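The values are calculated or read from the model by the stated rules, or taken from the named source; none is laboratory data. Worth saying up front: this structure is predicted, and the values here are computed from it rather than measured. So basically every Cβ, Gly included, is an ideal-geometry build from the backbone, and we count neighbours across all protein chains shown. Each accessible area value is taken on the protein alone, full model and side chains, heavy atoms only, with ligands, DNA and RNA left out. Shrake-Rupley method; radii C 1.70, N 1.55, O 1.52, S 1.80 Å.
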Amino acid sequence: MTTGSIRINGVELIADLTGAVFWPAQRMIAVADLHFEKGSSFAEHGSHLPPYDTRTTLERLADVVSRHRPEHMVCVGDSFHDGRAADRLSRADADILRQLTSACDWTWICGNHDARPPIAWGGRIADDLAVGPLAFRHEALPQAGAGEVSGHYHPKAGLSVRGRYVGGRCFVTDGRRLILPAFGAYAGGLDVRDPAISELFPRGFRALLIGRDKLHRLAFRN
């Protein structure tokens, strides 16, 4: 399957292979951890990565918008890799971003990398966002009630398929809360079995692993 259904606090969401999640009833898309200009940040510190991560992430984002045609886009924190990322954005990439933010209502949720995301290209800033039975924030709160959708941890998982290991980004949920995979092209990952993630789901959880052309459902118990 190229998409998968996820129910969070009674809400039906659609997990997309890109790492986005679509809420059909609200015509809303949520993505986490875009980390624009991570490559240029690493270059400033001597690690020279190909400087195409922002464009790749933007193209992936444009694809999601084109297919789902949302009325509202929510970027769940760490959209920009650091406080100066906006200054390093190329004019061409800035134009693409401006086109995207003008296509629908757009919310930048503050993250730990971008405490105040720049809004030169449109959108509005929020610390968190409540929409009906769901609450969007960057980092999960252990004491949060049902309906939390967050990012921050860049979750990843793996499994063996016909003797071959398949691993990568994943969605993590127990039906009460959802942690989104990192959407950015250069985002790393934290194994879902790490206590930072697993302890948020004391009764166990499911992961939707993003494969090459389908989502794989995995179950984990604590």
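The table below lists the values:
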{"quantity": "Per residue value of the accessible surface for the chain (all protein chains in place, 1.4 Å probe), Å²", "calculated": "47 Å²"}
{"quantity": "Stretchable slack from residue 222 to residue 92, in nm (0.36 nm times residue separation minus alpha-carbon distance)", "calculated": "42.1 nm"}
{"quantity": "Cα lying deepest toward the dipole's positive end in the chain, options 220, 189, 153, charges on Cβ", "calculated": "220"}
{"quantity": "Cα shape, the stretch 102-153, gyration tensor, a/c 1.5 rule", "calculated": "oblate"}
{"quantity": "Computed Kirkwood radius, in angstrom, where 1/r is averaged over Cα pairs of the stretch 117-222", "calculated": "14.8 Å"}
{"quantity": "Antiparallel DSSP beta bridges within the stretch 115-210, percent to nearest 5", "calculated": "70 percent"}
{"quantity": "Computed FRET value (nearest 0.05) for residue 99 with residue 160, which takes r as the C-beta separation and R₀ as 30 Å", "calculated": "0.10"}
{"quantity": "Carbon + sulfur, % of accessible area of the stretch 58-127 - ligands and nucleic acids excluded, 1.4 Å", "calculated": "46 percent"}
{"quantity": "Modelled FRET efficiency - R0 25 Å, residue 176 with residue 119, Cβ distances, 0.05 increments", "calculated": "0.20"}
{"quantity": "DSSP bridge orientation in the chain - percent antiparallel, rounded to nearest 5", "calculated": "60 percent"}
